[in-house]
Amino acid sequence: MNGTDVALPRRSFGRTMRTDVWWVQPLLVFLGLGTFIVYSTWAAFQGTHYYFGNYVSPFYSPEIFGDSPHSWFGPKPGWWPAWLIFSPALLILWAPGGFRLTCYYYRGAYYKAFWADPPACTVGEPRKIYLGERSFPLIMQNVHRYFLYLALIFILILTYDVWKALWFVDVTSGRSSFGLGVGTIVLVINVILLSGYTFGCHSLRHLVGGFLDQLSKSPTCSRAYACVNCFNRRHMMWAWLSLFWVGFTDLYVRLCSMGVWTDWKIL
Ligand code: FES
């Protein structure tokens, strides 16, 4: 059968034959991600109210240098340039931020919502050329697998923060004792949601699944692959829940530290 080439007309930006409300999803992504970016940037530059007793905000953990008791290597080092703004969060947030920025799910979401490239399927876009992720600058998205290694380390550190959040220091005796506060539960949920997001990462599937174009025959790898697939099926859900909750966790610790909220002890 002979084929015929038909030239499709290029639609101008925003033009489409779709009759559904295709613009709702990119708009919600724009508002959700935009709100998180504004809040997290503001919180990261504050440098204060990021811990409350045994709780530390996930935006500031690990606290490599800083003034809180959670700091690993003490206060801001003397060699830090006076002209350069200092906040413990700015030393570390590039790692989880880079992990989210290069995530396969978020790429698809913000390419549409922020770059309109295209705004939605079969909707006209503002650019005439498509370079894709095989050329600069989007080829840089391939560093995602390296951000994954860092994200896994962060999960371990945040789990340790949960452990610390179970031990409350008595201000009069200085003794610490086991307990459970609402803040402990907030931190636990944060680790669960971040783990669900991280363990469903596409790059982790490649890492545990086997070799190039071939699944591993090892039972351990097969089980790990099935487990990652299980989280991966709802990767978008984990991505949004963990994004919301990590921001809320910072807000919870911040408002407790400022004396606006009271952290109720359950045990
Ligand atoms: Fe989303 Fe890796 S693909 S975290």
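Just subtract the alpha-carbon distance of Ala226 and Tyr146 from 0.36 nm times their residue separation and send over the number in nm, one decimal.
26.6 nm
Considering just Cα atoms, how many Å³ per residue does the convex hull of the chain enclose?
Here the figure is 219 Å³ per residue.
Would you mind calculating the gained length between Tyr104 and Leu131 on full extension (0.36 nm times residue separation, minus the Cα-Cα distance), in nm to one decimal?
Gain on extension, Tyr104 to Leu131, equals 8.0 nm.
Tell me the label-point distance for the pair Tyr39, Trp72, using the 7 Å Cα-to-Cβ offset, in nm and rounded to one decimal.
Placing both labels 7 Å along Cα→Cβ, they lie 2.7 nm apart.
Specify the residue with the greatest mean-square fluctuation among Gly34, Gly97, Gly132, computed from a Gaussian network of the chain linking alpha-carbon atoms under 10 Å apart.
In the Gaussian network model the winner is Gly132.
Provide the per-residue ³J(HN,Hα) series for region 142-159, in order, calculated from phi with Karplus coefficients 6.51, -1.76, 1.60 and θ = phi - 60°, each as a whole number of Hz, with x at glycine and proline positions.
The phi angles translate into 5, 6, 3, 4, 6, 5, 4, 4, 5, 4, 5, 5, 4, 4, 5, 5, 5, 5 Hz.
Where in region 136-154 does the label zone of Phe65 land, with the point 7 angstrom along Cα→C-beta and an amide N cut-off under 16 Å?
Counting only backbone N, you get no residues.
For region 132-212, what is the accessible area per residue in Å², given a 1.4 Å probe and the full set of protein chains?
Ligands and nucleic acids excluded, the figure is 57 Å² per residue.
Answer with one residue from Val191, Ser242, Leu131: the one whose Cα lies farthest towards the positive end of the charge dipole of the chain, charges on Cβ with Lys, Arg +1 and Asp, Glu -1.
Of the candidates, Leu131 comes out farthest on the positive side.
In vacuo Debye scattering of region 147-213, one point per C-alpha: log10 I(q)/I(0) at q = 0.15, 0.18, 0.21, 0.25 Å⁻¹?
For the requested q values the scattering log ratios are -0.60, -0.73, -0.87, -1.04.
Check Leu180: other-chain or 5+ apart residues with amide H under 5 Å from its amide H, H built from backbone geometry?
The answer is Ile266, Leu267.
Hey, what did region 16-76 get for relative contact order, percent, Cα under 8 Å, at least 6 apart?
16
Hey, in the GNM for the chain with a 10 angstrom Cα cutoff, which one of Leu148, Leu27, Leu194 fluctuates hardest?
Of Leu148, Leu27, Leu194, the Gaussian network model singles out Leu27 as fluctuating most.
Please compute the length gained on full extension between Trp23 and Ile85, using 0.36 nm multiplied by the number of residues separating them and subtracting their Cα-Cα distance.
Result: 18.4 nm gained on full extension.
Calculate for the chain the 222 nm mean residue ellipticity that helices alone would give, adding -39,500 (n - 2.57) per DSSP H run of length 4 or more and normalising by residue count, nearest 500 deg cm²/dmol.
Dividing the helical sum by the residues of the chain leaves -15500 deg cm²/dmol.
Tell me, what ³J(HN,Hα) does each residue in region 73-79 have, in order and in whole Hz, if you take phi through Karplus 6.51 cos²θ - 1.76 cosθ + 1.60 with θ = phi - 60° and put x for Gly and Pro?
10, x, x, 3, x, x, 7
The values are calculated or read from the model by the stated rules, or taken from the named source; none is laboratory data. Source: prediction; values computed, not measured. In this analysis, Cβ positions are derived from the backbone assuming ideal geometry, glycine residues included, and neighbour counts consider all displayed protein chains. Side chains are part of the model used for accessible areas, which takes the heavy atoms of the whole protein and leaves out ligands, DNA and RNA. Shrake-Rupley method; radii C 1.70, N 1.55, O 1.52, S 1.80 Å.
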